[in-house]
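*Asks:* What follows is a single structure, and I will ask about it in a moment.
The values are calculated or read from the model by the stated rules, or taken from the named source; none is laboratory data. All of these numbers come straight from a predicted model, not from anything done at the bench. Cβ: placed from backbone, ideal geometry, glycine included. Neighbour counts: every protein chain shown. Heads up: the accessible areas ignore ligands, DNA and RNA and are worked out on the full protein's heavy atoms, side chains in. Shrake-Rupley method; radii C 1.70, N 1.55, O 1.52, S 1.80 Å.
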Amino acid sequence: MSLAARPKVELHLHLEGAAPPAFIRGLAQEKSLDLTGLFAPDGSYAIAGFRHFLKVYEAACTVLRTPEDYRRLTLAVLEESAASGVVYTEVFLSPDFCGGRDVAAWQEYLEAIREAAEAAGRRDGIVMRAIATAIRHQGPDRARETAVCAAETAGGFLTGFGLAGDESAGRPRDFRWAFDCAREAGLRLTAHAGEWGGPESVRDAIRDLGVERIGHGVRAIEDPVLVEEIAAAGIVLECCPGSNIALGLYPGWRDHPIDRLRARGVKVTVSTDDPPYFHTTMTHEYDRLAEAFGWDDGVFGEIELTSINAAFCDTSTRDTIVKRLEAA
Ligand SMILES: [Zn+2]
């Protein structure tokens, strides 16, 4: 089977970050909004480094203003995912962008996104679950409000809570209240760490927030003791190699630590993060990983199973996806 045709499981995708640039341009035109400077001459997002990426990202998000915009965005994003063979995806949603952390407004956005996900499921067979995500550089107070939004809508479609944004802002322990609130509501937990922060940021997130997955986490490789601890604890890393390489964290695919982490028994998975910003897709990630590390169907099959077993979904959804993976 070609890598493109393999059914894939993605655990780390930001909804706004996955917005096709043509979709954002079209929406801006409809609303007569000026996005000058946001796009490169070839129509892709123009980004230079991580801080600039966050700026462009937030500027692109300014055209997304209503639940209807998010309904259309979700359909566009899931179409792209399905085209890359993704059969199950977990998507980060931000109550900051969706209703400004107002619970009633957030409920409307979430419902629009859920309906779009169901429609995409009927259209493409893709299954989506959502992870409400606090934005770290907005600070712990806003993270609390985000957690309250998440707790109020926990269950069914919304199955996780996470922390994204600028890792240099604050410490994981500042966000403990938000994570405790989400955990008590039955949500499963993940946090970005070990991308811009070093191994200590991974250790802090595991210890202070009690997460079972880490977004990125790849810089754990710099601390062999931590690598052993993560492997022993079964912590899952949501690796996004193409994102790391596009942002200059590693010079090339062969330099990315995903293969070394895997060789040391760490549960690694593969995702695209914000694919159009980093000129990637799930199929592109697979192709580059096969090329860089000689990964074959056996390795990808193992990673897909690791991913679905780490998914924040109920067991019957998991069993259905496992059957689809096995059938392929
Ligand atoms: Zn991310």
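*Asks:* So, restricting to helices (runs of 4 or more DSSP H) that lie completely within the range 126-237, which ones have at least 1 residues that are within 16 Å of the ligand (Cβ to nearest atom) and open to solvent by 10 Å² or more (accessible area, probe 1.4 Å)?
*Replies:* By residue number, 199-209.
*Asks:* Identify, by number, the condition in (1) exposed (fewer than 15 other Cβ atoms within 10 Å of the Cβ); (2) assigned to a loop (DSSP other than H, G, I, E, B) that Leu249 doesn't meet.
*Replies:* Leu249 satisfies all of (1) exposed (fewer than 15 other Cβ atoms within 10 Å of the Cβ); (2) assigned to a loop (DSSP other than H, G, I, E, B) except (1).
*Asks:* Tell me, which residue of the range 1-21 that is more than 16 Å from the ligand (Cβ to nearest atom) and in contact with a Pro (Cβ under 9 Å, 6 or more places away or on another chain) is nearest to Asp296 (Cα to Cα)?
*Replies:* Filtering first and then ranking leaves Pro20.
*Asks:* If you don't mind, there's one more thing I want to ask. From the list Thr281, Thr315, which residue is hydroxyl-bearing (Ser, Thr, Tyr) and surrounded by 14 or more Cβ atoms within 10 Å (Cβ to Cβ)?
*Replies:* Just a single option satisfies the conditions, and that option is Thr281.
*Asks:* Could you list, in sequence order, the residues of the range 96-120 that are farther than 11 Å from Leu75 by Cβ and in a helix (DSSP H, G or I)?
*Replies:* Those that are farther than 11 Å from Leu75 by Cβ and in a helix (DSSP H, G or I): Val103, Ala104, Ala105, Trp106, Gln107, Glu108, Tyr109, Leu110, Glu111, Arg114.
*Asks:* Anything in the range 189-218 that is small (Gly, Ala, Ser) and under 15 Å from Gly165 (Cβ atoms)? List them, or say none.
*Replies:* Ala191, Ala193, Gly194, Gly197, Ser201, Ala205, Gly215
*Asks:* Another question about this same structure. Given Asp296, Asp255, which one is of a type outside the set (Gly, Ala, Ser) and over 25 Å from Pro224 (Cα atoms)?
*Replies:* Asp296
*Asks:* Got at least one residue in the range 269-292 being over 30 Å from Ala60 (Cα atoms), at pLDDT 95 or above and β-branched (Val, Ile, Thr)?
*Replies:* Within the range 269-292 (the criterion being over 30 Å from Ala60 (Cα atoms), at pLDDT 95 or above and β-branched (Val, Ile, Thr)), the answer is no, since none of the residues qualifies.
*Asks:* Right, something else. Of all residues in the range 267-316 being within 16 Å of the ligand (Cβ to nearest atom) and assigned to a helix (DSSP H, G or I), which is nearest to the chain's Cα centre (by Cα)?
*Replies:* Pro275
*Asks:* Sticking with this one: What helices (runs of 4 or more DSSP H) lie completely within the range 1-84 and have 1 or more residues being of a type outside the set (Val, Ile, Thr) and farther than 29 Å from Ile214 by Cα?
*Replies:* 21-30, 67-83
*Asks:* Touching a Ser or Thr at 6+ places or on another chain (Cβ under 7 Å), open to solvent by 20 Å² or more (accessible area, probe 1.4 Å) and of a type outside the set (S, T, N, Q): does that describe Arg123?
*Replies:* no
*Asks:* Let me ask you something else. Going through Ala40, Ala82, Ala28, Ala5 one at a time, which residue ends up being farther than 23 Å from Gly139 by Cβ and touching a Leu at 6+ places or on another chain (Cβ under 9 Å)?
*Replies:* Criteria check complete, one pass: Ala28.
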